[in-house]
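Colleague: Sharing a structure below in structure tokens format, with a few things to ask.
The values are calculated or read from the model by the stated rules, or taken from the named source; none is laboratory data. Small disclaimer: the values here were computed from a predicted structure and weren't measured. Heads up, the Cβs are rebuilt from the backbone with ideal geometry, glycines too, and the neighbour counts pull from every protein chain shown. Please note that ligands, DNA and RNA were not included when accessible areas were found on the heavy atoms of the full protein model with its side chains. Shrake-Rupley method; radii C 1.70, N 1.55, O 1.52, S 1.80 Å.
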Amino acid sequence: MTVEAHDPRPKKVQIADTLRGEIAALPAGYRLASLRELAERFKVTTVTVGNALKALADEGVIVSVPTRGYFVQSPTGTNEAGQDASGPVNRDEINAIHSEIQQLAARVAELEKRAQSPSSA
């Protein structure tokens, strides 16, 4: 399948729309094809496919698990953030977020320390 050149929608939107329809019939937790496989299927770059998948993830249709791939998100039982409230907790994702928060806290502390130093001199 290829994206349609005469379609006024951007390629990423065409791909997202096609995948959205297919995903509706898949069970929650189903792993989607890789970026490379989808790029070959739609005859576009992996960047274009990545943008389409990001749009679907932003909508809560799929979820990205770093180094594992994209998975179908449960259409029911989701919370306001689009996350499955009844499903298993993704510890890897929580750990990654926790690590990023710690790094940001350390950077903020360092910036505050630097901001206070010139004023006390």
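Colleague: May I ask you to list the GluC sites (Glu not before Pro) in segment 1-51 that are in a DSSP loop and have at most 11 other Cβ atoms within 10 Å of their Cβ?
Modeller: Filter output for segment 1-51: Glu4.
Colleague: Heavy-atom accessible area of Ser74 with all protein chains present, probe 1.4 Å, nearest 10 Å²?
Modeller: Counting only protein heavy atoms, the figure is 20 Å².
Colleague: With a point put 7 Å past each Cα toward its Cβ, work out how far Val108 is from Thr67 in nm, to one decimal.
Modeller: 2.8
Colleague: Kindly sort Phe71, Phe42 by accessible area of their heavy atoms, largest first, with the probe set to 1.4 Å.
Modeller: Numbers: Phe71 30, Phe42 5 Å².
Ranked list, largest accessible area first: Phe71, Phe42.
Colleague: Next question. Quick one: 3J(HN,Hα) in Hz for segment 12-28, Karplus 6.51/-1.76/1.60 with θ = phi - 60°, rounded, Gly and Pro as x.
Modeller: Those phi angles translate into 4, 6, 4, 5, 4, 5, 5, 5, 4, x, 5, 5, 4, 8, 9, x, 4 Hz.
Colleague: Mind giving me the nanometre distance, one decimal, between the label points for Tyr30 and Thr18, set 7 Å out from Cα along Cα→Cβ?
Modeller: 1.6
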